[in-house]
Amino acid sequence: MDWWWRRQLADEGIQELIRAQNGVVSRTQLLAGGWLDVRIKRRLRSRRWQTIHPGVYANHTGPIGYDERLLAALLYAGPDSAWSHYTAAEQLGLLRPAPGRPIHLAIPDHRQVRSQPGLVIHRDIHWADRLARAVPPRRTGAHAILDIVGISRTLDQAAAVVAEACQTGRVHPRDLLAALSTRGRLRHGRSLRPILTDVAAGSHSLLEIRYLRDVERRHGLPTGTRQRAVDSEYTDVYYDGFGLDVELDGRLHLIPTQRWRDLDRDNRATLRAEATLRYGWFDITNRPCTAATQVLQVLRRTDPNLPA
């Protein structure tokens, strides 16, 4: 694969290429644009330029922004390189950017690239088959998410990434299933298939996936409707025919412990009157049986014959 920037260099020249790259330029680009090595060294010795990675420079001495670091990483890693994992997913709008996260790059299996601070290099024998049609080069959305699944420590971490990515609408569970079929062995790969089915059915977050698995299915509850549109809003889980909404708030696991008492109080009031139950992270992960019992109590108001 040739460098993606060669056409622009040929058409517009080295100065326009540097401008388009926000002042980031590689030694390879400069030499291809007609610069002599001595001219490059002069810029560096005079401290008019700074080195970002070996052979990759900024034509100023100010701070290097994240976008500049992204491009510098590709220029450093060589022509057969592409953004992958979290970096590709962020650039494709599948995940929210996280400050301080390293830049992930994929290169062909036969190549070796020396590691640099802030870069994570992944070698991949199937590198060329997993690229999106985009410039600069990057993984497809489905393969970027599967890249992350493969390095996730836990299945919950993998499920959270899958749910967030699919919620954007830029990648669909069927895309992930199709990509998964080409991956061979992948960490969490076997467990990912039922999770993708749940996401396709409407589960939009890790907490919704955990509720479906640990509360609803494990306790034999009726299957609720996910993401029901009503009054210009969406209910997390709705039990049609029973008049019960279950709302799940994953943010609540960041709130101090005493707030759980407030959740309990709200739920007890709901059990006595209005059929809306609201649960946070602690409820679903630490006491799913209690949540299932409460849901069943409300459902039995409509159908007393529901099994215990």
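Under a model in which nothing but the beta-carbon of Lys, Arg (+1) and Asp, Glu (-1) is charged, the chain shows a dipole of about 1360 debye around its Cα centre. In this view, the solvent-accessible surface of TYR234, computed with a 1.4 Å probe and all protein chains in place, comes to about 150 Å².
Springs join every pair of Cα atoms under 10 Å in this Gaussian network model of the chain, and among HIS53, HIS143, HIS110 the largest mean-square fluctuation is at HIS110. Most mobile of ASP231, ASP249, ASP147 per a Gaussian network model of the chain (Cα springs, under 10 Å)? In the Gaussian network model the winner is ASP231.
In degrees, nearest 10, range 0 to 90: what is the angle between the Cα axis of helix 155-167 and the longest Cα principal axis of the chain? Once rounded, one gets 80 degrees.
When a/c reaches 1.5 or more, the comparison of a/b and b/c decides; with that in mind, is segment 84-242 rounded, prolate or oblate per its Cα gyration tensor?
The shape class here is prolate.
Sorting 101-107, 72-78 by their mean Cβ neighbour count within 10 Å, with the most densely packed peptide first, gives 72-78, 101-107. Label point of GLN8 set 7 angstrom out along Cα-Cβ; within segment 23-44, amide nitrogens under 14 Å from it belong to 23-26, 29-30. Taking PHE242, PHE282 and ordering them by how much accessible surface each has at a 1.4 Å probe, largest first, produces PHE282, PHE242.
Quick one: compute the contact order of the chain, relative version, from alpha carbon pairs under 8 angstrom and 6+ residues apart, as a percent. Let's see the in-between values first.
Numbers: 430 pairs, mean separation 29.9, N = 308.
So the answer I get is 10 percent.
Using the rule -39500 (n - 2.57) for each DSSP H run of four or more residues, divided by the residues of the chain, the 222 nm mean residue ellipticity is -12500 deg cm²/dmol. Around the amide H of VAL120, modelled in the peptide plane, lie the amide H atoms of ILE103, HIS104, LEU105, all under 5 Å away and 5 or more residues distant in sequence or on another chain. Phi angles of segment 216-221 translate, via the Karplus equation with coefficients 6.51, -1.76, 1.60 and θ = phi - 60°, into HN-Hα couplings of 6, 6, 4, 9, x, 6 Hz per residue; Gly and Pro are given as x. Using θ = phi - 60° in the Karplus curve 6.51 cos²θ - 1.76 cosθ + 1.60, the 3J(HN,Hα) couplings for segment 102-110 round to x, 8, 9, 10, 10, 10, x, 4, 7 Hz; x is entered for Gly and Pro. Compared with the direct C-alpha span, the chain from ARG301 to ARG47 gains 83.8 nm at full extension, assuming 0.36 nm per residue. Helix 259-272 and the longest principal axis of the Cα set of the chain meet at an angle near 40°. Please check which bits of segment 206-220 a label hung off THR290 would reach, taking the label as a point 7 Å along Cα-to-C-beta and the cut-off as backbone N under 16 Å. Once the point is set 7 Å along Cα→Cβ of THR290, 215 turn out to lie under 16 Å by backbone N, inside segment 206-220. Rolling a 1.4 angstrom probe over the chain with all protein chains present gives an accessible area of which 47% lies on carbon and sulfur atoms. By how many degrees, 0 to 90 and rounded to 10, does the Cα axis of helix 141-151 deviate from the longest principal axis of the chain? With both axes taken from Cα atoms, the answer is about 80 degrees.
Have a look at the DSSP beta bridges in the chain and tell me what percent are antiparallel, nearest 5. Provide the component values of the computation, followed by the final result.
Numbers: 17 of 29 bridges.
Around 60 percent of the beta bridges assigned by DSSP in the chain are antiparallel ones.
Within the listed set VAL24, VAL199, VAL162, the residue fluctuating most in the Gaussian network model of the chain (springs between alpha-carbon atoms under 10 angstrom) is VAL24. For the chain, the per residue solvent-accessible surface stands at 53 Å², with DNA, RNA and ligands left out and a 1.4 Å probe.
The values are calculated or read from the model by the stated rules, or taken from the named source; none is laboratory data. These numbers come from a predicted model, not from an experiment. Cβ sites come from the backbone with ideal geometry, for glycine too, and all protein chains shown count toward neighbours. When the accessible area is computed, the model is the full protein with side chains, heavy atoms only, and any ligands, DNA or RNA have been set aside. Shrake-Rupley method; radii C 1.70, N 1.55, O 1.52, S 1.80 Å.
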